[in-house]
Amino acid sequence: MSASIRLKKFGTKKRPYYRIVVIDKKAPRDGKTIEELGFYHPIEAEDKQISFDENKVRAWLDKGAAVSDTVRGILNKKNITLK
């Protein structure tokens, strides 16, 4: 199984929020997740937009999980460097 760290969409029209999750690469966007790592609320205040467990993210990266482009940008905002 190949895992990917990406966003899972929740919320309503014009009020989205996302969970940062580990999911099988072949699963649909809102499919069953392996583990939830945090959340991203693009509408909230700047200091409340992003929250995640850095240790869990690093553990999944060490296991070889791929990262989507959007999540890569979110992690870069929090100064998490990827290999």
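Here are the numbers:
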quantity	calculated
Length-normalised contact order for region 3-77 - Cα pairs under 8 Å, 6+ apart - percent	31 percent
The chain - Debye-derived log10 I(q)/I(0), Cα point model, q = 0.15, 0.21 Å⁻¹	-0.50, -0.98
Residue order, fewest to most beta carbons within 10 Å, for 22, 57	22, 57
Listed residues 11, 38, 73, most fluctuating in the chain (Gaussian network, C-alpha, under 10 Å)	11
Lys, Arg +1 and Asp, Glu -1 on Cβ, resulting dipole of the chain about Cα centre, debye, nearest 20	340 debye
Choice from 46, 54, 35 showing the highest fluctuation, given a GNM over the chain with Cα pairs closer than 10 Å	46
For residue 35, distant residues with modelled amide H under 5 Å away	22
Full-extension gain in nm, residue 34 to residue 15, via 0.36 nm per residue minus C-alpha separation	4.3 nm
Full-stretch length increase - residue 82, residue 68 - with 0.36 nm per residue and alpha-carbon distance subtracted	3.9 nm
The chain: most fluctuating residue of 13, 56, 25 per GNM, C-alpha cutoff 10 Å	13
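Any read-out appearing in this document is the output of simple, stated calculations on the displayed coordinates, not a laboratory observation. All values reported here derive from a predicted model rather than from experimental measurement. Counting neighbours? That spans all protein chains shown, and the Cβs are built from the backbone with ideal geometry, glycine included.
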